[in-house]
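Visitor: Here it is, the structure, as structure tokens.
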Amino acid sequence: MCHLSNTLIGILNFFTFLFSIPILWVGIWLSKHGATECEKWLDKVFIVLGVFLLLVSLAGLAGACCRISLLLWIYLVAMFLLILVVLAFTVFAFVVTNKGAGKVLSGKGYKEYRLGDYSHWLQKRVNDSNNWKTMKSCLQAGQYCSVYQKLYAKDDVNEFNKEKLTPLQSGCCKPSNDCNFVYQSPTVWNSTANSNYANPDCRAWNNDPKVLCYDCNACKAGMVQDIKTKWKKTAKINIIFLILLIIVYSVGCCAFRNNRRDNWK
């Protein structure tokens with residue numbers, strides 16, 4: 001019974017070790033075959049995560065099963081740092097996603113988004129040219145606007161105005177409502193004679209499927225809203241993950257105590 005903690009840590013780290021292998025493989029595959037900026041960025045995330053899980057699980061597995069206190073100590077330090085990182089990210093996610101929401105438009109089923117409504121930290125991230133190049137590549141590779149075009153292709157203007165568009169569809173795949181462009185199809189809008197637009201997004205809009213409103217502030221705002229929604233969900237899941245990490249860390253501490261006690265016998 002006194003060594004149950006060692007057995008539990010050994011089993012948990014065995015499964016973590018198995019889990020790290022496909023993560024590492026995906027990262028290596030993306031580094032060799034990734035075609036877009038989005039995929040090239042993701043390969044580093046998968047490789048770093050895979051290597052971290054691999055090394056930590058091996059340290060925990062060897063430390064618990066072979067009673068090597070030094071390896072178990074390294075495992076506990078890594079787990080403690082992971083708990084701090086997850087806790088910090090969770091708090092940070094709630095703070096930076098606290099501001100900003102879609103603007104309800106009269107007679108429209110969809111909302112529009114303003115970049116200035118969100119936290120300065122998120123605004124700074126999407127306004128960075130290198131960051132936006134990567135994000136725009138992700139949007140284009142994900143074919144958000146192509147799917148949007150096919151989904152609403154048969155809509156007339158009245159039907160389109162009733163649609164519940166996602167933040168990315170609203171911001172990146174159509175011009176702003178401020179422009180008063182004439183609807184032809186979800187991705188084709190004719191400009192009016194007035195060229196003195198108060199909203200700079202009106203001049204950024206282009207009917208070319210490769211351009212559309214990808215360089216509009218509304219698109220960046222849509223991306224921020226999408227990030228905000230996902231981060232809030234992730235932060236809530238992280239609370240459960242934190243509880244599990246603390247439980248595993250506590251069991252690891254018991255295993256470490258057992259190892260030291262055995263070494264003194």
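The values are calculated or read from the model by the stated rules, or taken from the named source; none is laboratory data. From a predicted model like this one, the values you see are computed outputs, not experimental measurements. In this analysis, Cβ positions are derived from the backbone assuming ideal geometry, glycine residues included, and neighbour counts consider all displayed protein chains. Side chains included, ligands, DNA and RNA excluded: accessible areas come from the protein's heavy atoms. Shrake-Rupley method; radii C 1.70, N 1.55, O 1.52, S 1.80 Å.
Visitor: Among (1) touching a Ser or Thr at 6+ places or on another chain (Cβ under 6 Å); (2) in contact (Cβ under 8 Å) with a residue 24 or more places away in the chain, there is one condition residue 167 misses while meeting the rest; what is its number?
Guide: Unmet condition: (1).
Visitor: Please give the number of the condition residue 115 fails out of (1) within 15 Å of the chain's Cα centre (by Cα); (2) over 30 Å from residue 60 (Cα atoms).
Guide: Evaluating residue 115 over (1) within 15 Å of the chain's Cα centre (by Cα); (2) over 30 Å from residue 60 (Cα atoms) leaves (1) as the failure.
Visitor: Please give the helices (runs of 4 or more DSSP H) falling wholly within the range 42-157 in which 3 or more residues are at pLDDT 85 or above, open to solvent by 60 Å² or more (accessible area, probe 1.4 Å) and under 25 Å from residue 235 (Cβ atoms).
Guide: The qualifying helices (runs of 4 or more DSSP H) are 69-96, 120-127.
Visitor: Any idea which of 56, 96, 86, 104 is more than 30 Å from residue 12 (Cβ to Cβ) and touching a residue at least 40 places away in the same chain (Cβ under 8 Å)?
Guide: The match here is 96.
Visitor: Now, a different point. Conditions first: (1) of a type in the set (A, V, I, L, M); (2) more than 18 Å from residue 104 (Cβ to Cβ); (3) in contact (Cβ under 8 Å) with a residue 60 or more places away in the chain. Residue 147 passes all but one, so which condition is the exception?
Guide: Evaluating residue 147 over (1) of a type in the set (A, V, I, L, M); (2) more than 18 Å from residue 104 (Cβ to Cβ); (3) in contact (Cβ under 8 Å) with a residue 60 or more places away in the chain leaves (3) as the failure.
Visitor: Sticking with this structure for a sec: Can you say whether residue 189 is closer than 20 Å to residue 126 by Cα, hydrophobic (A, V, I, L, M, F, W, C) and in contact with a helix residue (DSSP H, G or I) (Cβ under 8 Å, 6 or more places away or on another chain), as far as the supplied structure shows?
Guide: Working: closer than 20 Å to residue 126 by Cα: no; hydrophobic (A, V, I, L, M, F, W, C): yes; in contact with a helix residue (DSSP H, G or I) (Cβ under 8 Å, 6 or more places away or on another chain): yes.
When the stated conditions are applied, residue 189 does not pass them.
Visitor: Let me ask something else. Anything in the range 191-224 that is among the polar types (S, T, N, Q), in contact with a strand residue (DSSP E or B) (Cβ under 9 Å, 6 or more places away or on another chain) and at pLDDT 90 or above? List them, or say none. Break it down into steps so the answer makes sense when it comes.
Guide: In the first step, residues of the range 191-224 are kept if they are among the polar types (S, T, N, Q); the result is 191-192, 194-196, 199, 206-207, 217.
Checking which are in contact with a strand residue (DSSP E or B) (Cβ under 9 Å, 6 or more places away or on another chain) leaves us with 191-192, 206-207.
Answer for the range 191-224, where residues must be among the polar types (S, T, N, Q), in contact with a strand residue (DSSP E or B) (Cβ under 9 Å, 6 or more places away or on another chain) and at pLDDT 90 or above: 206, 207.
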